[in-house]
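The values are calculated or read from the model by the stated rules, or taken from the named source; none is laboratory data. In this text the structure is predicted, and so the values were computed from the model without any measurement. Reconstructed Cβ throughout: ideal geometry from the backbone, glycine too, with neighbour counts over all protein chains shown. Note: areas computed on protein heavy atoms with side chains; ligands, DNA, RNA excluded. Shrake-Rupley method; radii C 1.70, N 1.55, O 1.52, S 1.80 Å.
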Amino acid sequence: MIRELSGDEVALFGEYIDKTRAFFLSTNVRPKAYVHSYGCQQNVSDGEKIKGMLAEMGYDFTDTPDNVDLILLNTCAVRENAEDKVFGNIGAFKKLKESNRRLIIAVGGCMVQQQHIAEKLKASYPMVDIIFGTHTVHELPRMLYDKLTKNLGCVNIPDGDGVLTESIPVRRDNAIKAYVPIMYGCNNFCTYCVVPYVRGRERSRKADAVVSEVKELIQQGYKEILLLGQNVNSYGKEHGIGFAELLRRLDAIEGEYKISFMTSHPKDCTRELIDVIADSAHIEHHIHLPVQSGSDRILKAMNRSYTTEHYLGLVEYAKSRIPDLSLTTDIIVGFPGETYEDFRQTVKLMETVRYDMAYTFIYSKREGTKAADMDDPVSDKEKGLWMRELLEVQGDIGLENYRKYIGKILDVLCEGRDKNKPEYLTGHSRQNIIVRFAGGDELVGSFVKVKITKAMPWAVEGETVGDTD
Ligand code: SAH
Ligand code: SF4
């Protein structure tokens, strides 16, 4: 059920922010926080809300966990290695806690929303003071205040779907690209996936709230609006305004900006949505459309609720309506019961679709999911070999796709200096392809026309050209 914070809850939330700020002022402390978000962009977006609250409480931020008053880890549960990383990091914070009695350690997010993980943390990681799930982010001010003033730690992971919290301030990490979550949760229960258990059922923000936030962001000078949701295109079912209509309304906002979105579920990727993208002025010509497998037998076992025929039909329609469309995907290798023949069908599908990029994952068993009880006879070593095979095929396809851009001019949103090659600027094209080019800092934050001269496996390179319009 969708529930928005009540007026009283919003008032209480504001009260605890004020009380915590006053507490720091009275003790003459300018507190410092290290906040780290693992995993998907939704988590990064939650992290921006967490930082927004902390900033209002008086915290400054640092990039390292040394000499801080608060370490806050916003965790991910989607695969086991993400969880292992978090346990490793928390273990390493023990020393920091011993040498700094003021330090508060808080762990929140998807991983700790799982009961067995919260219990393990409580039992074996006494240095953690605050454990909070995905539905109680807005209670962080109270949890921190209680710890600071009464030395009260807590484990706060209620079940349920959480509340929609329009009132949380956001401290955006990026001055060019703004993350805008439009829906939360998932109803799909793919048999391998923990997300529905840790994020609750689907709930969408009201279209008016999204449109006015996006308008404001564009007025503030943001150049890319990334709409977020576990199944972003399942948006709005409870409001009677679907994702295609929301995009239409957003595209009508005046200004120089682009709209991107992720992640789309194939079952909700309608022809209407593809038409809206094709006819839009601002929407990226890119769809991230996770297929997960090219075998209908495995798709059924995964409970993905589409067939490869349906998926390929969508791809064909999208390519015909948007000739410069870039398609990317997620693929799971080694789902329980998958055979080499099933896997080869995935390779075949990749060769048919010709994705620009594929995010590939070896199946990871998640406690509480249906797939965790399925027979999984193929060894990790074997799955690793399949994965390598897949990566080789995709690497060749991606490079061939990118080579087709050589000689063409792409519209690129310049996002800053390339981290590995600072002599270059970098940005994404309207197809969401990474483009590297030479130029001065004055181009950062603007749309630049770049003529492509070279293709690499994950990016293209080019030279700026004058306005060709
Ligand atoms: N809602 C999105 C994706 C969410 S999770 C969708 O349905 O596409 C991001 C990706 O992680 C998934 O697309 C899937 O490829 C991968 N993933 C999720 N659970 C996994 C698991 N148990 N093992 C391996 N990969 C997994
Ligand atoms: Fe997980 Fe499937 Fe929901 Fe995506 S659609 S979040 S893969 S359950």
Report, in degrees rounded to the nearest 10, the 0 to 90 angle that the Cα long axis of helix 380-403 makes with the longest principal axis of the chain. 60 degrees
How much length, in nm to one decimal, is gained on full extension between residue 320 and residue 211, taken as 0.36 nm per residue of separation minus their Cα-Cα distance? 36.3 nm
Given contacts defined as C-alpha pairs under 8 Å and at least six residues apart, what's the relative contact order of region 80-151, whole-number percent? 30 percent
Using the Cβ atoms and a cut-off under 15 Å, what net charge is assigned to the surroundings of residue 37, where Lys and Arg are +1 and Asp and Glu are -1? +1
Please report the relative contact order for the chain, taking Cα pairs under 8 Å with a sequence separation of at least 6, and give it as a percent rounded to a whole number. 10 percent
Relative contact order (percent, whole number), region 126-188, Cα cutoff 8 Å, 6+ residue spacing: 34 percent
Provide the per-residue ³J(HN,Hα) series for region 28-35, in order, calculated from phi with Karplus coefficients 6.51, -1.76, 1.60 and θ = phi - 60°, each as a whole number of Hz, with x at glycine and proline positions. 6, 10, 9, x, 10, 10, 10, 10
May I ask which of 177/451; 267/419; 206/267; 85/421; 237/365; 258/404 have a Cα-Cα span longer than 26 Å here? 267/419; 85/421; 237/365
For helix 340-353, report the angle its Cα long axis makes with the longest principal axis of the Cα atoms of the chain; keep it between 0 and 90° and round to the nearest 10°. 70 degrees
Compare the Cα positions of 42, 125, 54 along the charge dipole of region 1-140 (+1 at Cβ of Lys, Arg; -1 at Cβ of Asp, Glu; about the Cα centre) and return the one farthest towards the positive end. 125
Among beta bridges that DSSP assigns inside the chain, antiparallel share in %, nearest 5: 30 percent
Taking C-beta distances below 4.7 angstrom as the pairing criterion, name the unpartnered cysteines of the chain, in sequence order. 40, 76, 110, 154, 186, 269, 414
Residue 330-residue 67 FRET efficiency (beta carbon distance; Förster radius 35 Å; 0.05 resolution): 0.35
Roughly how many percent of the accessible protein surface of the chain is carbon and sulfur, given a 1.4 Å probe and a whole-percent answer? 49 percent
Rounded to 10°, Cα long-axis angle of helix 207-220 versus longest principal axis of the chain: 90 degrees
Hey, got the dipole for region 317-449? About the Cα centre, +1 on K and R Cβ, -1 on D and E Cβ, debye to the nearest 20? 540 debye
In whole Å, how far is the Cα centre of region 121-197 from that of region 384-435? 34 Å
Report, in whole Å, the centroid distance computed from the Cα atoms of region 280-349 and region 73-102. 35 Å
Give me the Å³ per residue figure for the convex hull around the C-alpha atoms of region 319-408. 106 Å³
What would the Debye formula give as log10 I(q)/I(0) at q = 0.17, 0.18 Å⁻¹ for the alpha-carbon point model of region 38-184, no solvent? -1.01, -1.15
In whole Å, what is the distance between the alpha-carbon centres of region 6-43 and region 231-256? 31 Å
Taking 2.2 N^0.38 Å as the expected size of a compact globular protein, what ratio does the Cα radius of gyration of the chain give against it, to two decimals? 1.01
Loop-resident sites, region 169-269, for trypsin sites (Lys or Arg not before Pro), counting at most 13 other Cβ within 10 Å (DSSP): none
Cβ-based charge dipole, region 138-274, positive-most Cα from 234, 198, 209: 198
Where only protein heavy atoms count, and the probe is 1.4 Å, what is the accessible area per residue for region 93-244 in Å²? 40 Å²
